[in-house]
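J.: Here it is: the structure, laid out below.
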Amino acid sequence: MSNNGLCEYASSPEVDSRSSSSERHYDQRNVVHYQAAHSSVVRSTGITEHERRQSPPPPLPPKASSIYRGLQTRPHGRSIVVSDESDSSPPPLPPKASSSKHETRLRKTNVVFFGESGSGKSSVINAITQTQRAKTSSDATACTFSYQCYAVDISDQSYVLFDTAGLNEGNISAVPAAKAETELKSLLRGLMSPGSDGIGLLVYCVRSTRAHQALIRNYDLFYSVICRKKVPIVVVITGLENEADMQAWWHTNAKEFKSRGMHFQDHACVTTLHKHIGISDVFTRRITESREMMRNLIVNNCSEWAVDDTWFNQSFADARYVMRHNWNSERSSPSTLIICGASPKEVEGLAHFGGEAYRVRPVPQPESTSSAGGGHEGDLLIYYAHADTLSMARQMFHAFYTAYRGNMVPVVVVVKGLNDRKSARQWVDRYIKHHGAGLLFSTFSPADLGDNYLRRHAEQDLHDLIRQSCLIRSVVKGGGVLKRFARLLGWP
């Protein structure tokens with residue numbers, strides 16, 4: 001797979017025969033096996049689980065007498081339940097990259113597909129674009145960070161789909177480090193292309209029969225090193241055309257990913273067969289359903305993370321360090337948590353939990369976006385906000401985000417006074433998230449700390465988020481970056 005620096009526009013619905021012969025033969029064998037094994041029509045999955053989760057939430061509680069500066073609430077103990085209705089508009093957004101709604105829609109969002117050879121990345125892209133433009137490279141041994149990109153419009157939004165070769169395709173140790181670095185630079189520059197809205201989504205493609213072999217190194221490299229956990233990541237499970245219920249596969253196998261430390265914002269279980277003369281109605285329906293699932297997966301999970309030269313330099317340096325060195329994988333120092341707005345008791349509680357030690361650095365609320373972060377370098381930013389304090393909420397968070405390099409470090413927002421994560425996410429999206437901020441993790445802290453069950457649930461939720469969202473680079477502070485990758489990849 002090679003890249004000429006140009007994107008192919010997937011606007012034509014025609015289907016040709018340029019996909020790899022191995023994928024076509026695999027697909028046709030599955031059709032034959034399925035038709036032989038199933039004499040009756042298999043029940044279609046209809047509405048997918050992720051579609052149900054992503055559907056508009058039910059109406060929030062109605063307006064009550066207690067109003068907190070424009071946010072309508074009703075008492076729940078001493079906690080606050082957020083309502084979508086408001087007497088006044090939310091605080092103004094910080095300056096956006098484009099103030100024109102029309103201009104914003106014309107900008108393209110980059111979506112990166114990655115996974116091992118044979119996982120179906122190109123077939124997934126072909127299904128989404130309804131073409132056969134993306135094809136498997138016949139020169140996999142020469143590929144590391146090489147890519148092709150394809151433009152597509154979904155629901156009136158423009159996307160560019162990056163089809164990457166993947167780091168475990170072919171004999172990686174045979175690829176010269178200089179070549180790998182050149183390809184890496186090309187990929188990073190491609191993701192910074194003019195007219196794009198930055199990186200919006202990572203899509204990890206995994207063949208269902210190889211799920212137990214899914215590699216954490218690919219997940220970590222793209223999610224933590226390149227995208228710094230600032231972008232939502234989803235997984236697409238392919239090759240499920242023979243399953244009686246494609247969606248049931250996830251309920252049975254999701255634990256395989258979690259046991260390896262791989263967490264996803266969403267998933268889709270699909271078939272990547274393509275329609276042809278003689279294919280059964282069952283497969284025709286599944287192909288159509290799968291295409292809609294994958295397109296919805298993109299629309300429902302894309303974020304907006306603005307990348308710049310600072311990101312390019314940092315991500316390239318981290319990935320290059322991986323390729324050039326070979327360290328052991330022991331953690332040499334604890335992760336650093338930069339915390340703003342927490343009480344002394346809350347700070348103390350974060351220093352140790354679950355047998356893991358963290359370096360906790362409480363910091364004051366910056367006065368403005370021009371305030372410096374005091375030289376602190378964190379692996380995770382944790383920002384405490386109050387649900388009933390809306391005046392200047394967005395500006396205060398933006399000042400913290402800017403001062404402590406929130407564009408390069410994952411951020412967890414803890415909303416005090418709410419009773420569940422869903423309400424916290426809605427509050428964050430409405431009152432403090434700004435354009436280009438990327439993925440913001442969110443959770444809650446109940447006002448009524450006397451409710452022991454709710455308090456313990458909130459604490460566990462925050463602890464789980466910290467484990468999932470800390471940058472991996474923290475494992476080698478003082479001795480390098482990301483020790484385990486070089487050893488796994490075999491680069492000297």
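J.: Can you pick out the pairs among LYS108/LYS179; LYS135/LYS275; LYS135/LYS185; LYS108/LYS230; LYS229/LYS433; LYS230/LYS345 whose Cα atoms lie more than 20 Å from each other?
T.: Numbers: LYS108/LYS179 28 Å; LYS135/LYS275 17 Å; LYS135/LYS185 23 Å; LYS108/LYS230 18 Å; LYS229/LYS433 16 Å; LYS230/LYS345 28 Å.
From LYS108/LYS179; LYS135/LYS275; LYS135/LYS185; LYS108/LYS230; LYS229/LYS433; LYS230/LYS345, over 20 Å: LYS108/LYS179; LYS135/LYS185; LYS230/LYS345.
J.: What does the highest-first list of 203-209, 287-293 look like by mean Cβ count within 10 Å? Intermediate results must be reported in sequence, preceding the final value.
T.: Numbers: 203-209: 22.6, 287-293: 19.6.
Peptide ranking by packing, descending: 203-209, 287-293.
J.: Here is a follow-up. Enumerate the amide H contacts of VAL235 below 5 Å, restricted to partners 5 or more residues apart or on another chain; note that Pro and chain-start residues carry no placed amide H.
T.: TYR204, ASP266, HIS267, ALA268
J.: Then there is this: Could you compute the FRET efficiency for ALA248 and SER193, with r as their C-beta to C-beta distance and R0 at 45 Å, rounded to 0.05?
T.: Step by step, r from the Cβ atoms, then E = 0.70.
J.: Can you tell me how much longer the chain between ARG405 and ARG324 gets when fully stretched, taken as 0.36 nm per residue apart minus their C-alpha distance, in nm with one decimal?
T.: 26.5 nm
J.: Something else now. Rounded to the nearest whole Å², what accessible area per residue is found for the stretch 383-462 with the 1.4 Å probe?
T.: Averaged over the residues of the stretch 383-462, the accessible area is 35 Å².
J.: With a 1.4 Å probe and all protein chains in place, put ARG210, ARG286 in order of accessible area, largest first.
T.: Sorted by accessible area, descending: ARG210, ARG286.
J.: Follow-up question, since we're still on this one. Starting from the amide H of VAL360, placed 1.01 Å from N in the peptide plane, find each other amide H under 5 Å away whose residue is 5 or more places distant or on another chain.
T.: Close amide H contacts, sequence-distant or interchain: LEU337.
J.: Another one. Compute, for SER123, the solvent-accessible surface of its heavy atoms (probe 1.4 Å) with the complete set of protein chains present, and express it in square angstrom to the nearest 10.
T.: 10 Å²
J.: Right, another one. For the stretch 233-308, what is the accessible area per residue in Å² when the probe is 1.4 Å? Can you show the working numbers first?
T.: Working: 2890 Å² over 76 residues.
About 38 Å² of surface per residue is accessible.
J.: Tell me which residues come under 5 Å, amide H to amide H, from ILE154 once H is placed; ignore anything under 5 positions away on its chain.
T.: TYR159
J.: Let me ask something else. Full extension from GLU356 to ARG107: what is 0.36 nm times the residue separation minus their Cα-Cα distance, to one decimal in nm?
T.: Additional length available on full extension: 85.4 nm.
J.: Here is a follow-up. Work out, in µm²/s and without decimals, the Stokes-Einstein translational diffusion coefficient of the stretch 387-445 at 20 °C, 1.002 mPa s, Rh from Kirkwood over C-alpha pairs.
T.: 185 µm²/s
J.: Mind giving me the FRET efficiency for ASP309 and ARG260? R0 is 25 Å, r the Cβ-Cβ distance, nearest 0.05 is fine. Kindly include the intermediate steps, with their values, before the conclusion.
T.: Numbers: r = 33 Å, r/R0 = 1.34.
After rounding to 0.05, the efficiency reads 0.15.
J.: Now for a different question. Would you give the gap between the C-alpha center of the stretch 421-469 and the C-alpha center of the stretch 275-311, rounded to a whole Å?
T.: If you average the Cα positions of each part, the centres end up 29 Å apart.
J.: Tell me, what HN-Hα J-couplings in whole Hz come from the Karplus equation 6.51 cos²θ - 1.76 cosθ + 1.60 at θ = phi - 60° for each residue of the stretch 404-411, using x for Gly and Pro?
T.: Listing the rounded values in order: 10, 6, x, 6, 10, 10, x, 10 Hz.
J.: Working out 0.36 nm times the residue gap between ASP388 and ASP281, then minus their Cα-Cα distance, what length gain in nm do you get to one decimal?
T.: Between ASP388 and ASP281, full extension yields 33.1 nm more.
J.: For ARG217 paired with GLN460, estimate the spin-label separation in nm (one decimal), with each label point 7 Å from Cα along the Cα-to-Cβ line.
T.: 3.5 nm
J.: Still on this structure, I have one more. How would you order 461-470, 298-307 from highest to lowest mean count of nearby Cβ atoms within 10 Å? Walk me through the numbers before you get to the answer.
T.: Details: 461-470: 18.8, 298-307: 20.5.
Descending mean neighbour count gives 298-307, 461-470.
J.: So, one more: Using packing as a proxy for protection, rank 241-253, 397-409 so that the peptide with the highest average count of other Cβ atoms within 10 Å comes first.
T.: The most tightly packed comes first, giving 397-409, 241-253.
J.: Viscosity 1.306 mPa s, temperature 10 °C: Stokes-Einstein D of the stretch 206-293 from its Kirkwood Cα radius, in µm² per second?
T.: 112 µm²/s
J.: Carbon and sulfur atoms: what percent of the 1.4 Å accessible area of the stretch 188-333 do they account for? Don't skip to the end; give the middle numbers.
T.: On the way: 2490 of 5350 Å².
So the carbon and sulfur contribution to the accessible surface is 47 percent.
The values are calculated or read from the model by the stated rules, or taken from the named source; none is laboratory data. This is a predicted model, so every value here is computed, not measured. Positions of Cβ are backbone-derived with ideal geometry, glycine not excepted, and every protein chain shown enters the neighbour counts. Surface areas here come from the heavy atoms of the whole protein model, side chains and all, with no ligands, DNA or RNA. Shrake-Rupley method; radii C 1.70, N 1.55, O 1.52, S 1.80 Å.
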